[in-house]
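**Student:** Dropping a structure here in structure tokens format, bear with me for questions.
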Amino acid sequence: MKARREKNETNQIAIERIDLLLTRADEIYPEEPDLALRYGELARKIAMKARIRLPKRWRIRFCNNCKRFIRPGINAHVRIKSGKQSSVIYYCEICKEGKKKKIIQKN
């Protein structure tokens with residue numbers, strides 16, 4: 001019972017630190033891109049060490065190919081594809097790889 005409580009506390013601390021690092025990385029990216037990339041790397045390492053997934057709002061902000069933190073408009077460009085299956089495509093400027101996110105249309 002005690003081990004489970006410690007694991008939950010560890011996971012909560014890891015989530016808080018990940019959110020803090022990625023929020024700061026997002027804020028400082030225009031001034032210091034190298035530091036922002038480092039914050040992104042640290043956040044990923046914390047998530048891997050704690051064996052937790054990145055929160056949904058931040059998961060899309062990492063390139064699947066080069067695993068770098070991307071900021072739309074600065075080191076990634078965004079395209080919107082419309083049609084039956086609408087989607088948003090993020091293209092990483094570092095490795096030129098695309099990441100697609102489907103948009104679910106509500107009737």
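No value in this document is a laboratory result; all are computed from the given coordinates. In this text, all values refer to a predicted model and were calculated from it rather than measured experimentally. Positions of Cβ are generated from backbone atoms using ideal geometry, with glycine treated the same way; all protein chains shown enter the neighbour counts.
**Student:** Can you tell me the convex hull volume per residue for region 1-59, based on C-alpha atoms, in Å³ to the nearest whole number?
**Tutor:** 64 Å³
**Student:** Next question, about the same structure. Using only the alpha carbon atoms of region 63-107, find the Kirkwood hydrodynamic radius as the inverse mean reciprocal pair distance, in angstroms to one decimal.
**Tutor:** 11.1 Å
**Student:** Quick check on my link table: of Lys56/Lys96; Lys45/Lys81; Lys67/Lys100; Lys49/Lys96; Lys84/Lys106, which ones sit more than 21 Å apart, alpha carbon to alpha carbon?
**Tutor:** Lys56/Lys96; Lys45/Lys81; Lys49/Lys96
**Student:** Please list, by residue number, every one of the trypsin sites (Lys or Arg not before Pro) in region 68-107 that is coil in DSSP and has at most 14 other beta-carbon atoms within 10 Å.
**Tutor:** Listed in order of number, the matching sites are Lys84, Lys96, Lys106.
**Student:** At 7 Å along the Cα-to-beta-carbon direction for both Ser82 and Cys95, put a label point, then send me their distance in nm to one decimal.
**Tutor:** 3.2 nm
**Student:** Now for a different question. Nearest 500 deg cm²/dmol is fine: what mean residue ellipticity at 222 nm does the chain get from its DSSP H runs of n ≥ 4 alone, each adding -39,500 (n - 2.57), divided by its residue count?
**Tutor:** -15000 deg cm²/dmol
**Student:** If the viscosity is 0.890 mPa s and the temperature 25 °C, what translational diffusion coefficient in µm²/s does Stokes-Einstein give for the chain when Rh comes from Kirkwood over Cα pairs?
**Tutor:** The Stokes-Einstein estimate is 161 µm²/s.
**Student:** Among the GluC sites (Glu not before Pro) in region 1-81, which ones are in a DSSP loop with at most 13 other Cβ atoms within 10 Å of the Cβ? Mind listing them?
**Tutor:** Within region 1-81, the qualifying GluC sites (Glu not before Pro) (loop, at most 13 other Cβ atoms within 10 Å) are Glu31.
**Student:** With axes computed from alpha carbons, what is the tilt in degrees of helix 33-50 against the longest principal axis of the chain, rounded to the nearest 10 within 0 to 90?
**Tutor:** Helix 33-50 and the main axis of the chain meet at about 50 degrees.
**Student:** If you take every residue apart from Lys100 with its C-beta less than 12 Å away from the C-beta of Lys100, what net charge results, scoring Lys and Arg +1 and Asp and Glu -1?
**Tutor:** Within the 12 Å Cβ shell, the charges total +4.
**Student:** Can you tell me the length gained on complete extension of the stretch Cys66 to Asn11, counting 0.36 nm per residue apart and subtracting the Cα distance?
**Tutor:** Contour length minus the Cα-Cα distance gives 17.2 nm.
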